[in-house]
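The values are calculated or read from the model by the stated rules, or taken from the named source; none is laboratory data. Since this is a predicted model, take the numbers as computed values, not measurements. Cβ placement follows ideal geometry from the backbone for every residue including glycine, while neighbour counts extend to all protein chains displayed.
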Amino acid sequence: MRRAAVSVALPELPNIDAELFDRPSPERFSSAAPARHAPRFLLLYGSLRERSYSRLLTEEAARLLQAMGGETRIFDPAGLPLPDSAPDDHPKVQELRELAQWAEGMVWCSPERHGAMTGIMKAQIDWIPLSVGAVRPTQGKTLAVMQVSGGSQSFNAVNQLRVLGRWMRMLTIPNQSSVAKAFLEFDEAGRMKPSAYYERGGRRDGGTDEVHPAHARCGRLPGRPLQRAQGKRRAAFQAREPARDLKHCRAASYARMQAVRHRCDAAAIR
């Protein structure tokens, strides 16, 4: 039951009715009873291909959420009609809307097609209403966004998903995942290979530096994959090139400079 608003004087806010103004207090926020169930997450992906990389990445994200204690459900968009082409009581529409109300957080993952999210991804979001009666099924819920690309890394799809999340009144987390050349990042069984992309998704729990089992299997440690690769390339280059004495390098540079100066002087004399 909502408490009665406490009337306060608001001389600097003449447009606000002081009788209806409800000032928040820490006590009211701390009085809510803690949830007795695991955090609930709905995951959406945007492709119907048999080997859909957005689906494979979504399934990998679901495994990570389950390992962290969450309960996950993945919606299959196959059979979902286009928005406005079917009534709201269509079975797939009802399934999606019930999952949206059930979830406390969502993960959206779309391929990038022609520089944007896919129509399949957008159709799912369009079928989720902003309001059902007096209830907004997505307001205040957390959202994580991901995308896969067939070529180089891009962020067009995740940027669009962020705009949609804000429009749906959701709280989108700052981190995001964009997997380039996704066809190289999954094995034949559909599991994501250990890589910098996997580390990016696996560190969404707050950036811990504990070793993930996937990293241990291939001898990798979390964090700084680019620096490790650069260090390997530098070591290989140094192994091919003999070490040079610094004084010798300086002397050779000075000799080249003097030779250039001598040629310029000779040209001026001629």
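Check whether at least one residue in segment 79-92 is among the small types (Gly, Ala, Ser), more than 19 Å from Thr172 (Cα to Cα) and under 19 Å from the mean Cα position of the chain (by Cα), and report yes or no.
No, there is no match, as no residue in segment 79-92 is among the small types (Gly, Ala, Ser), more than 19 Å from Thr172 (Cα to Cα) and under 19 Å from the mean Cα position of the chain (by Cα).
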| query | Within the bounds of segment 129-137, is there any residue that is free of Cβ contacts under 8 Å to residues at least 40 places away in the same chain, of a type in the set (D, E, K, R) and under 22 Å from Ser52 (Cα atoms)? | reply | no
| said: I'd like to check something: does segment 156-168 contain any residue that is surrounded by fewer than 14 Cβ atoms within 10 Å (Cβ to Cβ), assigned to a loop (DSSP other than H, G, I, E, B) and not hydroxyl-bearing (Ser, Thr, Tyr)? | reply: no
| message | Residues to consider are Pro83, Pro34, Pro77, Pro14; find the one that is assigned to a loop (DSSP other than H, G, I, E, B) and within 22 Å of Gly190 (Cβ to Cβ). | response | Pro77
| field | Filter pass, Arg55 being modelled with pLDDT of 95 or more, assigned to a helix (DSSP H, G or I), within 19 Å of the chain's Cα centre (by Cα) and of a type outside the set (Gly, Ala, Ser) | value | yes
| Across segment 127-149, what is the number of residues that are more than 19 Å from Ala61 (Cα to Cα) and either in a loop (DSSP other than H, G, I, E, B) or within 13 Å of the chain's Cα centre (by Cα) (or both)? | 11
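Conditions (1) part of a loop (DSSP other than H, G, I, E, B); (2) under 14 Å from the mean Cα position of the chain (by Cα); (3) surrounded by 12 or more Cβ atoms within 10 Å (Cβ to Cβ); (4) at pLDDT 90 or above, marked per residue:
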{"site": "Tyr198", "(1), (2), (3), (4)": "no, yes, yes, no"}
{"site": "Arg217", "(1), (2), (3), (4)": "no, no, no, no"}
{"site": "Leu221", "(1), (2), (3), (4)": "yes, no, yes, no"}
{"site": "Arg234", "(1), (2), (3), (4)": "no, no, no, no"}
{"site": "Phe237", "(1), (2), (3), (4)": "no, no, no, no"}
| remark: Taking segment 138-153 and keeping only residues that are closer than 23 Å to Ser52 by Cα and either surrounded by 15 or more Cβ atoms within 10 Å (Cβ to Cβ) or touching a residue at least 60 places away in the same chain (Cβ under 8 Å) (or both), one is left with Leu143, Ala144, Val145, Met146, Gln147, Val148, Ser149
| query | Out of all the residues in segment 108-126, which are under 23 Å from Ser85 (Cα atoms) and either touching a Ser or Thr at 6+ places or on another chain (Cβ under 7 Å) or in a loop (DSSP other than H, G, I, E, B) (or both)? | reply | Ser110, Met117, Thr118, Ile120, Met121
| query | Would it be correct to say that Ala144 is closer than 28 Å to Gln101 by Cβ and touching an Asp or Glu at 6+ places or on another chain (Cβ under 8 Å)? | reply | no
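Residues checked against (1) under 20 Å from Ile120 (Cα atoms); (2) among the acidic types (Asp, Glu):
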residue: Leu44; (1), (2): yes, no
residue: Ser54; (1), (2): yes, no
residue: Glu59; (1), (2): yes, yes
residue: Gly70; (1), (2): no, no
residue: Pro81; (1), (2): yes, no
